[in-house]
């Protein structure tokens, strides 16, 4: 089962050829997908040869095969992690039953909605990032961008496979709609707000892959716990690909910090204006971008208290992060969880039934993961002898969804007045000037081994290749 | 090396590069990877070096190794912000054991065109690698230095024969050796080692003698045409018979010829990229009487006949040994032609050989030729119902497609 059939038009490890009607439906969707890629995939990239990782099988040895590929020829396909023999539903009211190989009728529409919402983020991010290739800081980074893009494309395939295979005509229609919505489109936008924001520059791209793709990781991990086995297996394989995206973001920002610290030490200055004059991004600006992306992505987890999240859990559709590693009853019948609350302009904690606080719990797990990565970033200035440290803003800062909607909360977690927010928000969020400055740095560097002035080279290349390897060839 | 073999090769994770994604821990079939709040680490007593974790790691952090007398403990690994410096002798650091980092770097660049290192042909002879190092080179004596290009040609390409006397220097066709130029550069550092492919077959430039031939072009201009004096090439080209040269190597475990009867060779080269092709062709010429079979097809490009090294001897090779196809890009007497144009002209022969899984392809010369040659292969395949990209992948992974360009 782990081998992938590449002789098929659609590479897969799900024995697609044994289900002719499903195969036909997907083969019908395939040209539509390629058309979408042509229109909305990375701009002016169709003839480039890109040194990409392609899965040739889903076992450890086979899924990282590197070679030059033209992106439209990338072998997008359907890969599920190997089935786990005797897997059970591991939480909720169905705990202990055999995992479902078909969609339970009563959960059909809920599951469809979960899959469509997840699936919609995949093409959305490709659309958001489609102009970035024109301003790449190096061939190495250009290659990483394209790797992220083709894998987001494959993640769309993964979700469309589930829709086609298990949701009949409704599923096929959803599959088409996934190719019709457009990020940022006024009439037919993508489903989630954060996926309609622009990714206008590489700093935003790195922040997005660092923070927002990490939301993807936590959502996929929660779905990988699902009692619906095909969804679980799909998400498990997607998670292995997702890790690379997080790497691109985390190391990308770390390299920007490194470069800025180097220039700070060379010129013995921490003056943002001087540093900008020297063509690097001052650390406070990076902090403001971090604040923005962290807060916007926090909203993706939804309201602190959610009956939807509770029923997804009870029904066995979406678990907690690392559900099977948690030592409790996996039904959450009596457990409580701490969520924030606002009482007379003070943020306090209160305990609620854990079942209703699952969004908040996943957000907290994600936040802890982001925090650890930020600790690693902070080692860069620490090593360079620069006193600046990055800090995550309070979870109530700049929120548009949930409890904090309509309130103004400072990054330190103090509820503040409208007037104070108006006065200070420019210190906390990127201003138009900040964005214009970052934008002004975005030149295109395509000579192998050369990097834009605002970012340091990586510590090592891809697949043991040298950093100066010709990761992209222009056809 | 004696010392190195007594050390343990310990598998570690580079905490500076690792993003703590848990992929390795998830992948490890024997739970030999664990983590704390700070680091992911490898259990030294448990890890059996199966390598399952290497490919899935999104960062490359997992591919870290140290030669140590005593394994780093878990507690030590948990405390790291970065890997400890490697204190083992330099020769022990690389996974290949005998290849110094400089050679590894040059080889990587030269192999880019084939997507990194490829395995050798299954029937290749076992190569000796790194018998001599930069620190401990072997002394060779110049036995001859002849100009190959016409006196009026713009380039000075030379055939230089080195004799190793009583020192062993077993080298196979397609392998290289490192030339150590005496003296220091402008910054007072020793010159970098330069690699040259051997142009002679394994039993010597002169059969039965302990000598090796090199094909060296005197570098007088850089890629952009600006005047520059190539350090190693000028050193070599100026050598006189009897001069002594320090040599390291041999190097190269991939660009080797098949040894089994009936194997076909397609050789494509420009300029001094002809050196390994000459070695392979000469090996086969000397064995013609054995009637081992296998076709040899050579595409060789130069600006003019006068600038094509070995033009005279090539023209004398028997037709039943080799099909020689020459392309000249600046010959006043004929239209401009590159190797890829010659390949297209011999499309049927190329396609027939590509269709045979006993065919081995070698490409050596300037980097610029790669894309043109690739396009020609693609076109030829398309015209003969072959899928070049699939075929190339297959040939590469089965040791039948080798690229060395510079």
Can you give the percent of C-alpha pairs in the protein assembly as shown whose distance is more than 56 Å? 18 percent
What Kirkwood Rh does segment A:387-475 have if only Cα atoms enter the pairwise 1/r average? Answer in Å. 17.1 Å
Just to be sure I understand the curve: with the Debye formula and one point per C-alpha of segment B:268-368, what is log10 I(q)/I(0) at q = 0.13 Å⁻¹? -0.46
Over segment A:293-447, what is the relative contact order in percent, taking alpha-carbon pairs closer than 8 angstrom and at least six residues apart? 24 percent
What is the Cα coordinate range of segment B:222-280 on the first, second and third principal axes, sorted by size from largest, in whole angstrom? 45, 33, 20
Segment B:138-251 - Debye-derived log10 I(q)/I(0), Cα point model, q = 0.17, 0.18, 0.20, 0.22 Å⁻¹: -0.84, -0.93, -1.12, -1.29
On a 0 to 90 degree scale, rounded to 10, what angle separates helix B:369-383 from the longest Cα axis of chain B? 80 degrees
Return the percentage of antiparallel bridges among DSSP beta bridges fully within chain B, rounded to the nearest 5 %. 60 percent
Please report how far the C-alpha centroid of segment A:364-416 lies from that of segment A:233-262, rounded to the nearest whole angstrom. 18 Å
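For chain A, what does the helix formula give at 222 nm: sum of -39500 (n - 2.57) over DSSP H segments with n ≥ 4, over the residue count, nearest 500 deg cm²/dmol?
Result for chain A, helices only: -15500 deg cm²/dmol.
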Would you mind giving the mean number of other chain beta-carbons within 10 Å of the Cβ of each residue in B:56-65, as a whole number? 6
For a quick size check, give me the Cα extents of segment B:2-92 along its three principal axes, largest first, whole Å. 37, 26, 21
So what's the back-of-envelope 222 nm ellipticity for chain B, counting only DSSP H runs of four-plus at -39500 (n - 2.57) apiece and dividing by all residues, rounded to 500? -6000 deg cm²/dmol
Expected sort for B:79-85, A:78-84, A:365-371 on mean C-beta neighbours within 10 Å, highest first, is A:78-84, A:365-371, B:79-85
In whole percents, the bins of 20 Å from zero upward hold the Cα-Cα pairs of chain A as 23, 56, 21, 0
Mean-square fluctuation maximum in Gaussian network of chain B, Cα pairs under 10 Å, restricted to B:60, B:252, B:204, hits B:60
So if I restrict to the alpha-carbon atoms in segment B:214-335, what is the Rg, and what is Dmax, the biggest pairwise distance, in Å? 16.9, 49
Neighbouring partner chain Cβ atoms per residue of B:15-27, average, 10 Å criterion: 6
Added length on full extension, which subtracts the Cα-Cα distance from 0.36 nm per residue, residue B:287 to residue B:147: 47.7 nm
Sequence gap at least 6, Cα distance under 8 Å: using those rules, report the relative contact order of segment A:1-133 to the nearest whole percent. 26 percent
Shielding by other protein chains, A:232-242, mean Cβ within 10 Å: 2
From Cα pairs below 8 angstrom and at least 6 apart in sequence, can you work out the relative contact order of segment B:2-92, rounded to a whole percent? 41 percent
What is the packing order of peptides B:117-128, B:265-276, taking the mean over residues of other C-beta atoms within 10 Å and listing the highest first? B:265-276, B:117-128
Quick one: work out Rg over Rh on the C-alpha atoms of chain B, Rh as Kirkwood radius. 1.01
Pairing the Cα long axis of helix B:274-286 with the longest principal axis of chain B, what angle in degrees results, from 0 to 90 and rounded to the nearest 10? 70 degrees
Could you sort the peptides B:313-321, B:62-70, B:210-218 by per-residue average Cβ neighbour count (10 Å cutoff), highest mean leading? B:210-218, B:62-70, B:313-321
For segment A:318-475, treating each Cα as an identical point scatterer without solvent, what Debye log10 I(q)/I(0) comes out at q = 0.09, 0.13, 0.15, 0.19 1/Å? -0.54, -0.95, -1.07, -1.26
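Where a number appears in this text, it was derived from the coordinates with a stated rule and is not lab data. Predicted model, so just to flag it, every value in this text is computed and none were measured. Cβ coordinates were reconstructed from backbone atoms using ideal geometry, including for glycine residues, and neighbour counts include every protein chain displayed.
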